[in-house]
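Take a look at the structure set out below.
The values are calculated or read from the model by the stated rules, or taken from the named source; none is laboratory data. Quantities reported herein were computed from a predicted structural model and do not represent experimental measurements. Quick reminder, even Gly has a Cβ in these numbers, built from the backbone with ideal geometry, and neighbours come from all protein chains shown. Heavy atoms of the whole protein, side chains included, go into the accessibility calculation; ligands, DNA and RNA do not. Shrake-Rupley method; radii C 1.70, N 1.55, O 1.52, S 1.80 Å.
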Amino acid sequence: MMRVTIPGRGELVFNHLFLDMNGTLTLDGQLLPGVKERIEQLKSQLEVVLLTADTFGTGARVAEELGITLQKVSPEKGGKDKARLTASLRPEGVVAIGNGFNDCEMMEQALLSIAVIGPEGCCGSTLQHADIVVNNILDGLDLLLNPLRLVA
């Protein structure tokens, strides 16, 4: 569990971290450097789940490498799947991190949503649904590892 008090929003309590894979944690299906170490630290505070349509077929390997749960979503209706999974955990807090169109509805349901503008870019609609926008996944994960940055 992670707690942070954000001025204007009050105390937020997070139990889960939902991560998009392609374009967020990976580039062309390959895990980006520095992600594994940060996820390892976060696993002691949050249940971390990888949500992916698995475009490159590397989802199981990435989840195993990170030691986290894999939840595959539909390539056609992945956005609805991600939103349904996020909504099912209310009132438990979900932090959602993603970059794609299929992350928009998940971000609307999450207690805190972080959009990543990484090497694969970021969907404009995703930016509109995010509470925070970062330049890369490492910055997003570092916000959670250093929660006073969320306050600032």
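For residues in the range 4-16 being of a type outside the set (Val, Ile, Thr) and in contact (Cβ under 8 Å) with a residue 40 or more places away in the chain, which is most open to solvent (accessible area, probe 1.4 Å)?
Step one: of the range 4-16, the residues of a type outside the set (Val, Ile, Thr) are 7-12, 14-16.
Retained after the next criterion (residues that are in contact (Cβ under 8 Å) with a residue 40 or more places away in the chain): 7, 12, 14-16.
Working: PRO7: 97, LEU12: 9, PHE14: 0, ASN15: 44, HIS16: 14 Å².
Here the answer is PRO7.
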When the range 52-76 is examined, which residues are found to be loosely packed, with under 13 Cβ neighbours inside 10 Å and part of a loop (DSSP other than H, G, I, E, B)? GLY57, GLY67, SER74, PRO75, GLU76
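Applying the selection to the range 25-51, what residues are in a strand (DSSP E or B) and either touching a Lys or Arg at 6+ places or on another chain (Cβ under 6 Å) or closer than 18 Å to LEU89 by Cβ (or both)? So that I can check it myself, show each step before the final result.
Taking the range 25-51 first, the residues in a strand (DSSP E or B) are 26-27, 30-31, 47-51.
GLU47, VAL48, VAL49, LEU50, LEU51 - these are the residues of the range 25-51 that are in a strand (DSSP E or B) and either touching a Lys or Arg at 6+ places or on another chain (Cβ under 6 Å) or closer than 18 Å to LEU89 by Cβ (or both).
Output the residues belonging to the range 50-88 that are of a type in the set (Gly, Ala, Ser) and modelled with pLDDT of 95 or more.
So in the range 50-88, the residues of a type in the set (Gly, Ala, Ser) come out as 53, 57, 59-60, 63, 67, 74, 78-79, 83, 87-88.
Scanning the range 50-88 gives GLY59, ALA60, ALA63, GLY67.
Here are GLY67, GLY121, GLY79, GLY100: which of them is closer than 21 Å to MET1 by Cα and touching a residue at least 12 places away in the same chain (Cβ under 8 Å)? Explain how you work it out, then say what you get.
Numbers: GLY121 fails: closer than 21 Å to MET1 by Cα; GLY79 fails: closer than 21 Å to MET1 by Cα; GLY100 fails: closer than 21 Å to MET1 by Cα.
None of the other options fit; the residue is GLY67.
Regarding GLU47, is this residue modelled with pLDDT of 95 or more, in contact with a helix residue (DSSP H, G or I) (Cβ under 9 Å, 6 or more places away or on another chain), surrounded by fewer than 20 Cβ atoms within 10 Å (Cβ to Cβ) and among the acidic types (Asp, Glu)?
On the way: modelled with pLDDT of 95 or more: yes; in contact with a helix residue (DSSP H, G or I) (Cβ under 9 Å, 6 or more places away or on another chain): no; surrounded by fewer than 20 Cβ atoms within 10 Å (Cβ to Cβ): yes; among the acidic types (Asp, Glu): yes.
When the stated conditions are applied, GLU47 does not pass them.
Being open to solvent by less than 90 Å² (accessible area, probe 1.4 Å) and either in contact (Cβ under 8 Å) with a residue 60 or more places away in the chain or more than 21 Å from THR86 (Cβ to Cβ) (or both) is the filter here; which residues of the range 25-35 pass it? Give the steps one after another, and end with the answer.
Here is the first cut: in the range 25-35, the ones open to solvent by less than 90 Å² (accessible area, probe 1.4 Å) are 25-27, 29, 31-32, 34-35.
Within the range 25-35, LEU25, LEU27, GLY29, LEU31, LEU32, GLY34, VAL35 qualify.
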Of the residues LEU89, LEU144, LEU150, LEU138, which single one is part of a loop (DSSP other than H, G, I, E, B) and surrounded by 15 or more Cβ atoms within 10 Å (Cβ to Cβ)? LEU89
Quick one: PHE101 ticks every box in (1) buried (at least 16 other Cβ atoms within 10 Å of the Cβ); (2) farther than 19 Å from ARG38 by Cβ; (3) not hydroxyl-bearing (Ser, Thr, Tyr) bar one, so which box is it? (1)
